Every structure is written in structure tokens, then in C-alpha cells.
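J.: Could you have a look at this structure, given as C-alpha cells, before my questions?
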Amino acid sequence: MLDIENAVDSSATDDEFEEIIMGLIINSGQARSVAYGALKKAKEGDFEGARKLMEQSREALNEAHKIQTRLIGDDQGVGKTKVSLVLVHAQDHLMTSMLARELVTELIELHEKIK
């Protein structure tokens, strides 16, 4: 797991900064993948399994959000953080994962009501 407490600072090398960004991508992707796994469980009628997977998805998304928050804090709103295509891609992953979790949550509830 990424040490987010010491991960982002102005002395981070390009390789370290890229590793931090990859942590954002990996955690976001994990959150989205596990959420879709939860939806599959709900389709099968396993709502307890779906809830457990959604909890795992939430935890992964929280890790990604911690990284994002740290990046934003380090930037201090004045452009200190180097913006790269990979960073934009990571942000895209995070936002689509958040949206996917919201939609999957609603779909699971619908499947539960239908059963």
C-alpha cells in the first residue's frame, strides 16, 4: 500500500510522483472493478456478497481519494503540482469510478427490490 502520509511533497522525484499517480489509478480501477463484481452478485441474488464487495469498493475508493486530496493539498491551488497526461488520466479514473459506484449502488437496490 502506498504511504500517502509521506508520498507527496515538493522534493518528490518524477518517478516517485508517477508512482503516486499510479496509486490513484490502481485504487480507482480496483474500486470500479469490485463494484461491478458486486453488481454481478446482486444479479445472482447474493445481496450479502454484493454488500461485502461494495464495502471493499468503498475502501479502495477511499484510498484513491486520500491520494487525490494529498495531491490537491500539495498544490495549494497555485499550480505547484506538475500536470501531466497521466495525472489527468488518473483523475478521469477516479471520477468514473465514483460515478460507477453510485450507479451500481442504485442497480443493486433495484435488483433487491425486484427479488
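J.: If I ask for residues that are open to solvent by 70 Å² or more (accessible area, probe 1.4 Å) and either farther than 24 Å from PHE47 by Cα or aromatic (Phe, Trp, Tyr) (or both), which ones from the stretch 78-115 would you list? Full working, then the answer.
T.: Quick first cut of the stretch 78-115, residues open to solvent by 70 Å² or more (accessible area, probe 1.4 Å) only: 78, 80, 82-83, 85, 88-89, 92, 95, 99, 102-103, 106-107, 109-110, 112-115.
Passing the criteria: VAL78, LYS80, LYS82, VAL83, LEU85, VAL88, HIS89, ASP92, MET95.
J.: Which one is farthest from ILE20 (Cα to Cα) among residues in the stretch 74-87 that are touching a residue at least 40 places away in the same chain (Cβ under 8 Å) and not in a loop (DSSP other than H, G, I, E, B)?
T.: Per the criteria, the residue is ASP74.
J.: Being among the hydrophobic types (A, V, I, L, M, F, W, C) and surrounded by 14 or more Cβ atoms within 10 Å (Cβ to Cβ) is the filter here, so list the residues in the stretch 47-77 that pass it. Reasoning before the result, please.
T.: Filtering the stretch 47-77 down to residues among the hydrophobic types (A, V, I, L, M, F, W, C) leaves 47, 50, 53-54, 60-61, 64, 67, 71-72.
Answer for the stretch 47-77, where residues must be among the hydrophobic types (A, V, I, L, M, F, W, C) and surrounded by 14 or more Cβ atoms within 10 Å (Cβ to Cβ): PHE47, ALA50, LEU53, MET54, ALA60, LEU61, ALA64, ILE67, LEU71.
J.: Any residue in the stretch 32-46 that is free of Cβ contacts under 8 Å to residues at least 40 places away in the same chain, open to solvent by 70 Å² or more (accessible area, probe 1.4 Å), outside any helix (DSSP H, G or I) and not hydroxyl-bearing (Ser, Thr, Tyr)?
T.: yes
The values are calculated or read from the model by the stated rules, or taken from the named source; none is laboratory data. These numbers come from a predicted model, not from an experiment. All Cβ positions, glycine included, derive from the backbone under ideal geometry; neighbour counts span all protein chains shown. Surface areas here come from the heavy atoms of the whole protein model, side chains and all, with no ligands, DNA or RNA. Shrake-Rupley method; radii C 1.70, N 1.55, O 1.52, S 1.80 Å.
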